[in-house]
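Trainee: One structure, pasted below without further comment.
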Amino acid sequence: QVQLVESGGGAVHAGESLKLSCSASGRTSSIRSVAWYRQAPGKQHELVARTSHFGGTHISDSGKGRFTVSIDGDEKTAYLQMNGLEPEDTALYSCSATVRARPFGPTADYWGPGTQVTVSS
């Protein structure tokens with residue numbers, strides 16, 4: 001069973017940056033695609049960014065020009081680089097990834113528990 005774990009969240013001031021990581025467990029796991037979501041109290045679950053090895057990167061309007069999403073070359077870690085953070089970016093950020101647990105094996109979708117990002121003005 002593959003597990004996803006996010007890291008890199010924290011409390012920052014407006015204008016600062018954070019880089020979130022989404023790591024897949026398992027020696028032979030490989031991330032094929034990833035999507036980052038966020039949810040703030042009282043707000044809807046929101047897609048922030050997604051990308052895959054097959055192309056088609058998407059950044060939400062709220063993150064364009066500030067956020068970038070990527071998958072590392074070892075295919076075990078995905079990232080969400082967030083620059084110019086604003087108080088409105090405060091939320092629990094979660095990754096969802098399609099992961100192949102072993103070479104030539106089937107893929108499956110997994111979710112991480114999330115990492116909190118808090119931006120103060």
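Trainee: Residue by residue through region 18-48, note down the ones that are β-branched (Val, Ile, Thr) and outside any strand (DSSP E or B).
Mentor: If we filter region 18-48 for residues that are β-branched (Val, Ile, Thr), which is where we start, we get 28, 31, 34, 48.
Result: 28, single match.
Trainee: Within region 57-79, is even one residue within 18 Å of residue 18 (Cα to Cα), in contact with a Pro (Cβ under 6 Å, 6 or more places away or on another chain) and either open to solvent by less than 70 Å² (accessible area, probe 1.4 Å) or modelled with pLDDT under 95 (or both)? Even if it seems obvious, please write down each step before you answer.
Mentor: Narrowing region 57-79 to residues within 18 Å of residue 18 (Cα to Cα): 59-60, 62-72, 77-79.
With in contact with a Pro (Cβ under 6 Å, 6 or more places away or on another chain) added as a condition, the list becomes none.
Checked against the condition, which is being within 18 Å of residue 18 (Cα to Cα), in contact with a Pro (Cβ under 6 Å, 6 or more places away or on another chain) and either open to solvent by less than 70 Å² (accessible area, probe 1.4 Å) or modelled with pLDDT under 95 (or both), region 57-79 yields no hits at all.
Trainee: Is at least one residue of region 7-17 at pLDDT below 95, out of contact with any helix residue (DSSP H, G or I) (no Cβ under 8 Å at 6 or more places or on another chain) and not in a strand (DSSP E or B)?
Mentor: First, the residues of region 7-17 that are at pLDDT below 95: none.
Checked against the condition, which is being at pLDDT below 95, out of contact with any helix residue (DSSP H, G or I) (no Cβ under 8 Å at 6 or more places or on another chain) and not in a strand (DSSP E or B), region 7-17 yields no hits at all.
Trainee: Taking region 84-109, which residues are open to solvent by 10 Å² or more (accessible area, probe 1.4 Å), under 16 Å from residue 7 (Cα atoms) and more than 12 Å from the chain's Cα centre (by Cα)?
Mentor: Matches in region 84-109: 90 only.
Trainee: Moving on. Scan region 6-51 residue by residue and report those that are touching a residue at least 24 places away in the same chain (Cβ under 8 Å), closer than 22 Å to residue 75 by Cα, of a type in the set (Gly, Ala, Ser) and open to solvent by 30 Å² or more (accessible area, probe 1.4 Å).
Mentor: 7, 8, 9, 23, 26, 33
Trainee: Under 7 Å by Cβ, and 6 or more places apart or on different chains, what pairs join a residue from region 57-71 that is touching a residue at least 40 places away in the same chain (Cβ under 8 Å) and more than 19 Å from residue 90 (Cβ to Cβ) with one that is β-branched (Val, Ile, Thr) and open to solvent by less than 30 Å² (accessible area, probe 1.4 Å)?
Mentor: What qualifies is 71/31; 71/34; 71/51.
Trainee: Condition (residue is β-branched (Val, Ile, Thr) and within 14 Å of the chain's Cα centre (by Cα)) applied to region 7-30: is it met by at least one residue? Show your work before the answer.
Mentor: Kept after step one, since they are β-branched (Val, Ile, Thr), are these residues of region 7-30: 12, 28.
Imposing the further condition that a residue be within 14 Å of the chain's Cα centre (by Cα) reduces the set to none.
No, the conditions are met nowhere in region 7-30.
Trainee: Oh, and also: Kindly indicate whether residue 33 is closer than 21 Å to residue 1 by Cα, touching a Ser or Thr at 6+ places or on another chain (Cβ under 6 Å) and at pLDDT 95 or above. Don't jump to the end; show me each part of the working.
Mentor: Values: closer than 21 Å to residue 1 by Cα: yes; touching a Ser or Thr at 6+ places or on another chain (Cβ under 6 Å): yes; at pLDDT 95 or above: yes.
It is true that residue 33 is closer than 21 Å to residue 1 by Cα, touching a Ser or Thr at 6+ places or on another chain (Cβ under 6 Å) and at pLDDT 95 or above.
The values are calculated or read from the model by the stated rules, or taken from the named source; none is laboratory data. Everything numeric here is computed off the predicted structure, so don't read it as measured data. Using ideal geometry, Cβ is built from the backbone for each residue, glycine included, and neighbour counts are taken over all protein chains shown. To get the accessible areas, we keep the full protein, side chains included, count just its heavy atoms, and leave off ligands, DNA and RNA. Shrake-Rupley method; radii C 1.70, N 1.55, O 1.52, S 1.80 Å.
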